[in-house]
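Student: Just passing along the structure, written as structure tokens.
The values are calculated or read from the model by the stated rules, or taken from the named source; none is laboratory data. In this text, all values refer to a predicted model and were calculated from it rather than measured experimentally. Ideal geometry is used to build each Cβ from the backbone, glycine not excepted, and the neighbour counts take in all protein chains shown. These accessible areas exclude ligands, DNA and RNA; they are computed on the full protein's heavy atoms, side chains included. Shrake-Rupley method; radii C 1.70, N 1.55, O 1.52, S 1.80 Å.
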Amino acid sequence: MVSDVHGNTKDLARAGEGADALICLGDLVLFLDYADHTRGIFPDLFGKENADRLVELRTDRRFEEARELGARLWAGIDRGPAIESAVRKQYAEMFAAFPTPTYATYGNVDMPTLWPEYAGPGTTVLDGGRAEIGGRVFGFVGGGLRTPMRTPYEISDEEYAAKVEAVGEVDVLCTHIPPDIPELVYDTVARRFERGSRALLAAIHKTRPRYALFGHVHQPLTRRMRVGATECVNVGHFASSGRPWALEW
């Protein structure tokens, strides 16, 4: 199981070795690598110095200044086609690296409208849906909640809650973002609380899945904790580790 792949195609090609299936919890796109500011769509277009500045502003939570910087840089460039072209290149490489079978859902930086063009017959894409894998029922909820970052696949709390409700009772609840628990949503390097889902936490209390698995928070304060009968696990920042997390029965 992997999450937050962010362009790590090399390790993704080996992530499913020895497993019955690979599960991907989203964020395939690499817009800007916070550890290496030379990598990603943004530095490819605007250079490392501007990437350094953008990371500095976002880390300091100066989101309005970050948006102003972005507006100046994008002036005169047709943003939509430029980003889509770069994302298509990344998707072509990453979807080709998925083994068969793969079950995947979207992250908050993904562009769901493009996935049908790249997901082959061995890749099942689910968002608000269920699948039986190895005799267990898995539920999938993709995307993130709205934030000042304004990433591509952020949705309202109500829309997200409806997808959680649609999944219902499952053995394993797979999402991109974590339940709204402070220890699970705080990023120790970015020094901020990411957005977790209250609806997801309520569903965990109500339906008591055996596991709740997620990613999104790259350097969490706590990677694993128990909520009632449910083991909540951040499966890791695959872009930096290159190591999948194994779920065994």
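Student: What does the charge dipole of the stretch 125-238 about its Cα centre add up to, to the nearest 20 debye, if the Cβ of each Lys and Arg holds +1 and the Cβ of each Asp and Glu holds -1? Numbers along the way, then the final one.
Tutor: Values: 15 positive and 14 negative charges, 63 e Å.
The calculation lands at about 300 debye.
Student: Something else now. Could you please put Met94, Met149 in sequence from largest to smallest accessible area, using a 1.4 Å probe?
Tutor: Heavy-atom accessible area, descending, gives Met149, Met94.
Student: Tell me the per residue accessible area of the chain using a 1.4 Å probe; a whole number in Å² is fine.
Tutor: Counting only protein heavy atoms, the per-residue value for the chain is 47 Å².
Student: If you put +1 on each Lys and Arg Cβ and -1 on each Asp and Glu Cβ, how big is the dipole of the stretch 1-146 around its Cα centre, in Debye rounded to 20?
Tutor: 140
Student: Moving to a separate point now. For the stretch 178-198 and the stretch 49-122, write down the distance between their C-alpha centroids in whole Å.
Tutor: The stretch 178-198 and the stretch 49-122 have Cα centres separated by 21 Å.
Student: Going through the stretch 1-58, which GluC sites (Glu not before Pro) have at most 15 other Cβ atoms within 10 Å and a DSSP loop state?
Tutor: In loop regions of the stretch 1-58 (DSSP not H, G, I, E or B), the sparsely surrounded GluC sites (Glu not before Pro) are Glu17.
Student: Can I ask one more? Relative to the present Cα-Cα distance, how much length would full extension add between Arg14 and Arg150 at 0.36 nm per residue of separation?
Tutor: 45.8 nm
Student: When the accessible area of the chain is split by element with a 1.4 Å probe, what percent falls to carbon and sulfur?
Tutor: The nonpolar share, carbon plus sulfur, comes to 49 percent.
Student: Is there a quick way to get the dipole size of the chain? I mean about its Cα centre, with the Cβ of Lys and Arg at +1 and of Asp and Glu at -1; what is the value in debye to the nearest 20?
Tutor: Dipole of the chain, to the nearest 20 debye: 360 debye.
Student: I'd like the accessible area for Tyr186, computed on protein heavy atoms only with a 1.4 Å probe and all protein chains in place. Round to 10 Å², please.
Tutor: 60
Student: For the chain, compute Rh as the Kirkwood radius over C-alpha pairs and then the Stokes-Einstein diffusion coefficient at 10 °C and 1.306 mPa s; write the answer in µm²/s, rounded to an integer.
Tutor: For these conditions, the coefficient is 87 µm²/s.
Student: Just going by the charge dipole of the chain, with Lys and Arg at +1 and Asp and Glu at -1 on Cβ, which of Leu213, Phe95, Val141 is farthest out on the positive end?
Tutor: Checked the options; the winner is Leu213.
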